[in-house]
1. Place the peptides 266-274, 325-333, 8-16 in order of packing, highest mean first, counting for every residue the other Cβ atoms within 10 Å and averaging per peptide.
2. Which value, in debye to the nearest 20, gives the size of the charge dipole of the chain about its Cα centre, when Lys and Arg are +1 and Asp and Glu are -1 at the Cβ?
3. Which one of P418, A430, A21 is farthest out on the positive end of the charge dipole of the chain, using unit charges on Cβ (Lys, Arg +1; Asp, Glu -1) and the Cα centre as origin?
4. Could you please report the charge total around K89, scoring K, R as +1 and D, E as -1 over all other residues with beta-carbon less than 12 angstrom from its beta-carbon?
5. Give me Y461, Y439, Y56 sorted ascending by neighbouring Cβ count inside 10 Å, so fewest comes first.
6. Return the label of the correct value of P(r) over Cα pairs in 20 Å bins from 0, in percent, as calculated from the structure shown, out of (i) 16, 31, 26, 17, 9, 1; (ii) 16, 35, 25, 16, 9, 1, 0; (iii) 17, 53, 28, 2.
7. Nothing charged except the Cβ atoms of Lys and Arg (+1) and of Asp and Glu (-1): what's the magnitude of the dipole of region 528-570 about its Cα centre? Round to the nearest 20 debye.
8. Quote the charge dipole size of region 1-63 about the Cα centre in Debye, to the nearest 20; the model charges only the Cβ of Lys and Arg (+1) and of Asp and Glu (-1).
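Only the coordinates and a few stated rules stand behind these numbers; no lab work does. Since the structure is predicted, the reported quantities are computational estimates derived from the model, not experimental observations. FYI the Cβ positions are ideal-geometry reconstructions off the backbone, even for glycines, and counts take in every protein chain you see.
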Amino acid sequence: MGLTIRAVLKIQPFTEARLLAGERGVDRVVERVDVVEVPDVRGWLRGGELLVTTGYSIKDDVRLQLNLIEEMYLRGSAGLVIKLQRYIKELSPEVIALADRYDIPIIDVPPHLPHSDITTPVLTQLLSRQTVLLQRTADIHRKLTGVVLKGEGMDAIAQHLADAVERAVLIEDEMVRVLAAAVPSRWRQAEGMTRTRVEEWRSERGLGAHGLDPYLQGAAKRRNVVCVPAQGSAPLRVIAPIIVDDDVAGYVTLVGGRKAPGELDMLAVEQASIVAALEMVKKRAVEEARGRLQADAIQDIISSNFESPDLMVRRARALNWDITRLNTAVVVDIDRFQRLYLAGDKTLKEAEIQAIKRRLLDVVREVLSRWDPGGVTAAQSDNIVILTCARDQGDGAIAGTKELGQEIRRQVAARVPPITVSVGIGRPHAPVVGLAKSYREARQALRIGRIVFADEGVFHYDDLGLYRLLFDPGRLRDLEAYYRETLAPLDEYDQRHGTHFSETLQRYVENDGNAVRTAEELFVHRNTLGYRLRRIENILGIDLSQPDARLNLLLAFKVKRILAGETRLNQGLAR
């Protein structure tokens, strides 16, 4: 706590002074002392000042006296020291009432005191407190830096900070996952506080219940310390963002305490955020080195770049991986990454792009750790590759891995906005030697799925059906020619005449020529369907009663979908 008006009144020569107004404001903190002898103080006040005046410039004008109190309130001044009897005999009731209303203390000192006798004791106290504050802050910084140099980690940083400021401490990453928590050593017996209890304040439930999200966002946006007042059962908070590479990498938060936050709390949590950033940089360097080893290992697995399976298994064990149980590859890819982040109005910096990818990888790893603790994952260029074990066989394996993909999509959308991802999944194959094939299938499922089914989603190789046979980027011209020879005349007829024969034909061939089922799906009478089918036969010059004709048209509709998807995808990248 800084120097308050209450404390000022206890030092000489203020023991001889009278408090005329603003008694409720005696706990205002004095940050500086200034002498003012001008009628208009607008532009002079910065907040926190204790103003000293004889009142000469405002002695004959109550309006100017009221303006002075108004400006002090607006600027957050600490209080007013005035020498009555010399120029102003007494303050008007209006001035006293306004000061009481705004809790602005007005102190009357004897008129014979020179300004220096008033300002010097206050400045001495301020300098003394500032010196002590700087010494304590330097001591905290020295201890916290020592923790990093000794490699004691985030838990030790949190504990040293908690003991220094007598408040509980949380250190979290940018996704509000707790990295460390501590309570002051002296609290453990008297307060009954534990790390678990402290962590509850930042649980997802707590975030919603206590409304802390806006404060975290404010700290991240302004890049400075934010104070959160106590709200109901939620204690007060002091939050400092952890900045690494000009990106918010997490938060250091002071929780609770018997006193309101003071300068020491603000400076200490800021120092801790700097030290935590150093710890994160060190940890990130280690993780990036390990990540490169993991990425290289996965790349060799999915490209079959190893002399023998046994050698690859031994290499994986050095990374604490057991790849003998892994049989399925999954590819996670950012949706429209180029259009959203590299070709927009504001091209992101490389550091911002890398930060997005790190957060994405963290989320994917977290989801995988719950679904398959033995699964492995690593970043590969703009993709993330997962090697996992399908839990079941057949349809159960497909459903299980698709649920993994759906959970990844849900978590990424919720925790790494505004990006979304799509997921391609290969079939289970033999461990180690079959993972390269599963990876190729996952890549193909992602590519075909985005083109044929939708721009975004979860696509399993087994769901592709005939599209696996039809799709080949090198044969698009052949597919276009096939479409022109089969369906194009009917689509052109629909466009010219406003008919929907193409839709009718598609339902008919997908139902393998079952007229009853097709009529029911189209909500038309069988006679109406019969008329439409005869018109379609005339337009295309075919006989729909022939199975081969219907098969050719079924393939043509799938080709049409491929061509439309390619066009949509290319337009999306161009925008």
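1. 325-333, 266-274, 8-16
2. My answer is approximately 480 debye.
3. Most positive-ward Cα: A430.
4. The answer is 0.
5. Ascending number of Cβ neighbours within 10 Å: Y56, Y461, Y439.
6. (i)
7. Value, rounded to 20: 220 debye.
8. 220 debye
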